[in-house]
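Here the structure comes first, spelled out in structure tokens, and everything after it is commentary.
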Amino acid sequence: MLLFGLIVAPSGFNMIDVDLCLFATFWSAVWAIHPECDIITQLIQEEEICTKTKNRETNQTQQTGCGTDWDRILCWNTANTGQIINVSCSEVFQHFSNNQGFIYRNCTSDGWSDPYPSYDEACAFEDDSESGSVTTFSTLKRLYTAGYATSLISLITAVIIFTYFRKFHCTRNYIHINLFVSFILRASAVFIKDAVLFSDETQDHCLMSTVACKTAVAFFQFCILTNYFWLLMEGMYLQTLLALTFASQRKYFWWYILIGWGVPSVLLVVWALTRQFYDNRGCWDDTDNMNIWWIIKGPITVSLFANFIIFLNVIRILVQKLKSPGVGGSDTGHFMRLAKSTLFLIPLFGMHYTVFAFLPENTGEIVRFCIELGLGSFQGFVVALLYCFLNGEVQAELKRILLKWQTHLSTTKKSRITITQISMHEVGGTQAHINGDITSV
């Protein structure tokens, strides 16, 4: 329907472009995909085919009847004079409507008649659904903007805490810092790409093809890859920590660095070169060529599947440890500890992403937006909250620093009061001495 309004009534573009851009923005924020651009590309290709057919007919001998005609939505093939051609709405707007209405055109002696009834009347598009989608998309846009902004602030604060205090310089927190940085880059990439692709409202982002927008999309893809891979590294580290108690953590840390940043870099280079030489269209944010798109989606899907296996294995290890004879407490206490551990693992492993990981891209768009934008945009904040701000060691260190500052301020205040009292005493003594001299004179 969004595309229908854009094409059928170009003069009313200002009423539709907000809806289209919002829809495209959400797909960009989730997977850098927006089906509307794919449909526009398809229509452009169909128009080119229709135009070529029309040109061939023009160069041939004059024929009776009506020649091939493009009405900005559909290519009407040649017809004999007096013939009536009809097309089903479901055939033209299969992406937007299942209505079984028909559009007709008559081939008259003067040429093609105008389509009747109009596309919007025949296919029963309602403005209410459009306004409702605008409201939903606007709400989601505000939601994910607030979510990524909150995540950025909290993650940057967490990185400063882990790097400033030497007490937190350990392999576990180094991995947390890398994960935090990947979330920071992901949030920043969303804002950068939105600013580049949608900064000019007069230009159709689907037809944009500049170095700036391609670079923004490539950077976004890199950040998505690194974020998923560092979620995987967190899972691998936790499993190694639980399974191999005496393993050298520093030995494995450099492998985590190599995989977490190196593998996404290689994948991005392969994807960018493939797009440049084999599918250099638009801003590289479409998925027409699924073979190329799987260079990005394939590793992400594999990392999610691996994290899901690690998640189950970690839960198994935790259950075994909680059931071991050395662990005290009642069964209720064991269950609560297990539930708490599981709750902490979900945002770390990104389990909510697996809901749509193996489904087609256009499955349940609204639900997908809510889950991946609503939860995904706040995931950085949740991770920083769980693994930094709610960490007992971090809270104790911050309380110690706060107490130290309060003691220092209190001491400084007392010193200033003492110095002031001494100065006032000296001034009073001097004044008394002067008064005595005056009296004697």
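Per-structure values
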| quantity | calculated |
| --- | --- |
| Test: residue in the stretch 134-145 that is small (Gly, Ala, Ser), within 30 Å of Thr68 (Cα to Cα), at pLDDT below 90 and in a helix (DSSP H, G or I) | no |
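Here is a yes/no grid of residues against (1) touching a helix residue (DSSP H, G or I) at 6+ places or on another chain (Cβ under 9 Å); (2) at pLDDT 90 or above:
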| residue | (1), (2) |
| --- | --- |
| Phe222 | yes, yes |
| Leu225 | yes, yes |
| Phe229 | yes, yes |
| Gly235 | yes, no |
| Trp254 | no, no |
| Ile259 | yes, yes |
| Val266 | no, yes |
| Arg275 | yes, yes |
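Okay, residues lined up against (1) part of a helix (DSSP H, G or I); (2) closer than 30 Å to Tyr228 by Cα; (3) at pLDDT 50 or above:
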residue: Asp17; (1), (2), (3): yes, no, no
residue: Phe26; (1), (2), (3): yes, yes, no
residue: Ile33; (1), (2), (3): no, yes, no
residue: Ile40; (1), (2), (3): yes, no, yes
residue: Glu46; (1), (2), (3): yes, no, yes
residue: Thr51; (1), (2), (3): yes, no, yes
residue: Gln63; (1), (2), (3): no, no, yes
residue: Ile73; (1), (2), (3): no, no, yes
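The values are calculated or read from the model by the stated rules, or taken from the named source; none is laboratory data. Model, not experiment: these values are computed from the prediction. Here Cβ is always computed from backbone atoms with ideal geometry, including for glycine, and neighbour counts include all displayed protein chains.
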